[in-house]
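A.B. asks: First, the structure itself, so that you have it in front of you.
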Amino acid sequence: MKKSYTILISLIVAMGGFLLGFDSAVISGAVSGIRVYFEMSDWQLGFAVGCVIFGAMFGNIVAGPLSDKFGRKKILIFTALFFTVSALWSAMAMSYISFVIARIIGGVGIGGAILIAPIYIAEIAPAKLRGSLVSLNQLNIVLGISVAYFSNYFLKDIAGESWRWMLGVEAIPAIIYFFALFAVPRSPRWLIQRLNEVTLAKKILVKIGGEEFASTTIGEIQRGIAKKEAKGTYADFFSKRMRLIVIIAFGLAFFQQITGINAIFYYAPTIFEQAGGSTDASFLQAIVVGLTNLIFTFVAIWFIDKLGRKPLLIIGTSAMAIALSLAALAFNNASYDFNNESIYKVENMEVKAALSILNGKTFDSQNEVFAKVEPLLTAAQFNDFKQNDIKNFIHINAILVLVAILLYVAAFAVSLGPVMWTMLSEIFPGNMKGIAISIVGFFNSLVSYTVTQFFPWELSNLGPTITFAIYAGLAILSVVFVIKYVVETKGKTLEEVQEALIKP
């Protein structure tokens with residue numbers, strides 16, 4: 001088996017994951033800058049950050065069917081173009097609307113890359129390597145997240161509008177990805193299923209695994225085609241025979257996002273500032289989050305084909321529930337002290353004078369603080385206090401917050417992060433894979449948008465304690481779901497997986 005060639009083309013395709021991760025995390029460093037430049041409210045900020053997911057949902061819907069029609073490779077090339085345009089446009093945006101449009105264009109690239117890259121890799125990978133190779137896409141996503149955090153840290157002190165540099169630098173890897181994709185062959189499974197190009201597909205498969213592997217794989221593909229002559233439809237997707245697959249797919253897609261992962265990645269510095277950290281410290285802690293994500297994704301790649309998909313999901317979701325509970329506990333035990341030192345940190349002189357009436361008082365919750373402060377300030381001043389000044393008064397076990405967030409990210413990185421996309425690329429039959437992945441990807445993006453849109457509002461209005469407690473409860477539900485519904489797919493061919501899951 002020619003592992004080096006297979007790994008090389010998998011790595012090239014997985015660069016789409018790098019861009020996806022970079023695009024997802026780079027906005028975290030730009031949040032403060034764009035909030036000030038475009039004069040955003042909490043709701044506008046949530047939309048500016050989360051609108052990328054609207055583009056992703058459109059990409060989810062069209063990428064699958066288009067990749068079935070025109071091939072996986074061509075769609076990936078277009079995603080590289082979308083990433084490039086989005087990076088340059090968002091960096092040069094002069095209005096809120098223009099910025100949002102640029103972000104949505106990048107979202108279309110995300111929606112295509114996150115679906116098609118795992119499909120392509122799963123279709124070229126031998127069964128024994130498939131879990132590890134598909135996980136390369138997730139590895140590149142977390143590598144992109146880590147690089148974005150480093151990039152933000154080193155660009156944050158550029159004079160002027162540093163957020164423009166943070167967003168624009170993504171164009172460099174996007175252009176590299178565009179040209180690298182031309183060296184990648186078309187999917188042999190797609191060539192046979194769509195074009196009946198057996199000879200060309202065999203040449204590619206021989207490069208991947210040799211003559212015997214090529215002959216065996218072609219035989220499996222042709223037997224699969226013989227069993228399902230018609231192209232899959234939306235009605236087929238929701239048919240009774242697909243029920244177990246649909247439950248697994250929608251369940252994993254729901255819990256991967258609803259447990260708050262994108263809230264952490266998009267707002268990491270904001271969360272650490274809520275815990276009382278300085279701007280420099282919060283950016284450095286975000287880097288640690290990215291590195292933790294990267295390291296534990298390597299752990300997932302190592303174990304996904306050894307330990308299996310379901311055990312990783314059970315271990316990871318259980319640890320996520322524990323971590324989110326610890327974060328909620330840390331914020332619940334925090335106090336808010338009004339004294340000369342904390343009041344002095346407030347920049348607005350009118351607000352500082354108004355808050356002096358609370359000097360010497362201590363409060364046990366953020367909501368209690370807001371109830372006392374709101375009558376003292378104008379609506380605009382109070383909104384600014386919630387967004388920027390509350391961090392000056394908190395006394396919290398910041399180490400526990402950091403440990404909880406790192407444990408959560410590590411647990412996600414070994415479970416729902418890579419395993420969901422690996423399983424989605426495995427469980428759907430070839431004749432409806434494009435449609436199926438698009439439907440589930442759209443749903444996944446919709447849940448992600450909901451989390452991203454509401455997170456700033458939740459922090460300001462519900463407080464971090466309740467916010468993290470909600471995520472912890474959802475993580476517990478995800479453990480129950482995995483135990484009850486998810487089935488193991490490791491070591492099986494794609495055709496064997498589908499035979500086991502689809503009812504006759």
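A.B. asks: Tell me the net charge near residue 39. Cut-off is 15 Å between Cβ atoms, residue 39 excluded, with +1 for each Lys or Arg and -1 for each Asp or Glu.
C.D. replies: Details: positive: 35; negative: 42, 161, 384.
My count for the surroundings of residue 39 gives -2.
A.B. asks: Using only alpha-carbon positions, what ratio does the radius of gyration of region 188-227 give when scaled by 2.2 N^0.38 Å? Please list the in-between numbers first.
C.D. replies: On the way: Rg = 9.2 Å, N = 40, 2.2 N^0.38 = 8.9 Å.
The reported ratio for this selection is 1.02.
A.B. asks: How many lysine pairs does region 303-375 hold where the Cα atoms are under 18 Å apart and the two sit 8 or more places apart or on different chains?
C.D. replies: Numbers: 345/361; 352/361; 352/372; 361/372.
Taking region 303-375 as the scope, the lysine pair count is 4.
A.B. asks: Would you calculate the separation in nanometres between label points at residue 302 and residue 450, each defined as 7 Å from the Cα along the Cα-to-beta-carbon direction?
C.D. replies: Computed distance between label sites residue 302 and residue 450 equals 3.6 nm.
A.B. asks: Shape call for region 335-395 from the C-alpha gyration tensor, a ≥ b ≥ c root eigenvalues: rounded (a/c under 1.5), prolate (a/b greater than b/c) or oblate? Numbers along the way, then the final one.
C.D. replies: Working: a/c = 1.43, a/b = 1.16, b/c = 1.24.
Judged from the Cα gyration tensor, region 335-395 comes out rounded (a/c under 1.5).
A.B. asks: Using only Cα atoms, find the angle between the long axis of helix 464-485 and the longest principal axis of the chain, and express it within 0 to 90 degrees, rounded to the nearest 10.
C.D. replies: 20
A.B. asks: Now for a different question. Angle, helix 416-427 long axis vs. longest principal axis of the chain, Cα atoms, 0 to 90°, nearest 10?
C.D. replies: Result, in degrees: 20.
A.B. asks: Can you give me the Cα centroid spacing of region 422-439 and region 144-199 in angstrom?
C.D. replies: When both Cα centres are located, 23 Å separates them.
A.B. asks: To continue, here is another question. Please give the charge dipole size of the chain, origin at the Cα centre, charges +1 on K and R Cβ atoms and -1 on D and E Cβ atoms. Round to the nearest 20 debye.
C.D. replies: Roughly 2260 debye, rounded to the nearest 20.
A.B. asks: Averaging sequence separations of C-alpha pairs under 8 Å and six or more residues apart, then dividing by the length of region 335-395, give the relative contact order as a whole percent. Kindly include the intermediate steps, with their values, before the conclusion.
C.D. replies: Working: 55 pairs, mean separation 30.5, N = 61.
Reported relative contact order: 50 percent.
A.B. asks: Expressed as an acute angle from 0 to 90° and rounded to the nearest 10, what is the orientation of the C-alpha long axis of helix 309-332 relative to the principal long axis of the chain?
C.D. replies: Relative to the chain, helix 309-332 is tipped by roughly 10 degrees.
A.B. asks: Expressed as a whole number of Å, what is the distance separating the alpha-carbon centroids of region 15-59 and region 332-387?
C.D. replies: 29
A.B. asks: Using a 10 Å cut-off on Cβ atoms, rank the peptides 151-162, 407-418 from the highest mean neighbour count down. Before the final figure, lay out the partial values.
C.D. replies: Values: 151-162: 14.8, 407-418: 25.9.
Peptide ranking by packing, descending: 407-418, 151-162.
A.B. asks: In cubic angstrom, how much convex hull volume per residue do the alpha carbon atoms of the chain span?
C.D. replies: Working: hull volume 65.1 nm³, N = 504.
Per-residue hull volume (Cα only) is 129 Å³.
Bear in mind these aren't lab numbers, they're just calculated from the coordinates by the rules spelled out. Being a predicted model, the structure only gives us computed values, none of them experimental. Methodologically, a virtual Cβ is constructed for each residue, glycine included, from the backbone with ideal geometry; neighbour enumeration extends over all protein chains shown.
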